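> Before we start, here is the structure in question, set down as structure tokens.
The values are calculated or read from the model by the stated rules, or taken from the named source; none is laboratory data. Worth saying up front: this structure is predicted, and the values here are computed from it rather than measured. Cβ atoms come from the backbone with ideal geometry, glycine included; neighbour counts cover every protein chain shown.
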Amino acid sequence: MPRPDGDLALFEAERPRLLRLGYRMLGSVAEAEDVVQDAWLRWTRSDASVDAPAGYLTRIVTRLCLDRMKSARARRETYVGAWLPEPLIAGLGSVEPEEVDADELTLTLMLALERLSPLERAAFLLHDVFGVALGEVAGTLDRDPAAVRQLAVRARKHVHAARPRYPVGRAQADRIAQAFFAASRDGDLAALTSMLADDVVIRSDGGGKVVAFRNPIRGIDRVLRLYAGLKKKFAGQPPVQVVRSITIDGLPGYIGYDRGDILQTTALEIRDGRIAAIYIVRNPDKLRHVAALIGDLGSDPNPAASAARRPSGS
């Protein structure tokens, strides 16, 4: 029996929050969309009366995510190279600009969540990020409230340890990102030296589908040698053509094509005014939403981006 029109309106109102929860649990926009749609279908097939639909839908989405995380963990064991979350970009697909910053969870903190158990992750997100009462979290996870409190406490310690002590302002972050792109494009090692942290790390996710660094590249000396080598190998050909400057899960970055062929996103973690980490996603399975955005850039409001479109015939 189809649900009343009022239920559909309520579901649509809850959809952005449910998508955020699904993404924070799974690290995938596409999977989050699937889970939220599945939650709606389960609700439509239920004959039960629901007094608190928002809580009911949150419970369904959380449990569906926990089920998916079991198989996801098995897939990670055979994943080729570094794994990074699917880029979450403001204005992309189902994600509105205000949704990206709503949870105050950057890409860096998403990686910290990856070190948690599924139950720790769920307890922290539901209680600390989405403001669900502890008793409701316990019911969702089918655990005693005291046990859920301990799960949240352990998770909170991991996340807080990864949170930057002195967050950088958006304007400064954007300036550093633009300077980094110019320096990496030109192979300007002096400029790169001035903006990279001594313990900088590059993580590149190709998923075995495209060329990417299988292991993280750590330390400023190794990173500088990498860019020096790229400049020598591809002399006269810019390594990345930028299509648009963006914010990726709270971090400054950009969408581009590597030598006019491979689509990628680059996000920069900035700490104490220097770039501490460079996150590059090249796995095409994780960039379908990004590819769709590129296809819609016919009226790009960024004039600089229009000059850096993907070359025809590439």
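> Take S46 and decide whether it is over 14 Å from L125 (Cβ atoms), surrounded by 19 or more Cβ atoms within 10 Å (Cβ to Cβ) and out of contact with any helix residue (DSSP H, G or I) (no Cβ under 6 Å at 6 or more places or on another chain).
no
> Consider G139 against the criteria (1) under 30 Å from T247 (Cβ atoms); (2) in the same structural domain as L26 (by TED's automatic domain parsing); (3) surrounded by fewer than 20 Cβ atoms within 10 Å (Cβ to Cβ); (4) in contact (Cβ under 8 Å) with a residue 24 or more places away in the chain: it satisfies all of them except one. Which criterion is unmet?
Looking at each condition in turn, G139 falls short on (1).
> I've got another one for you. For the condition crowded, with 16+ Cβ neighbours inside 10 Å, assigned by TED's automatic domain parsing to the domain that holds Y79 and touching a residue at least 24 places away in the same chain (Cβ under 8 Å), what is the one hit in L196, L151?
It is L151.
> Separate question: So which of D186, D249, D258 is farther than 17 Å from P284 by Cβ, of a type in the set (D, E, K, R), at pLDDT below 95 and buried (at least 17 other Cβ atoms within 10 Å of the Cβ)?
The match here is D249.
> R244 - would you say it is assigned to a strand (DSSP E or B), in contact (Cβ under 8 Å) with a residue 12 or more places away in the chain and in contact with a Gly (Cβ under 9 Å, 6 or more places away or on another chain)? Steps first, please.
Working: assigned to a strand (DSSP E or B): yes; in contact (Cβ under 8 Å) with a residue 12 or more places away in the chain: yes; in contact with a Gly (Cβ under 9 Å, 6 or more places away or on another chain): yes.
Yes; evaluated as a whole, the condition is true for this residue.
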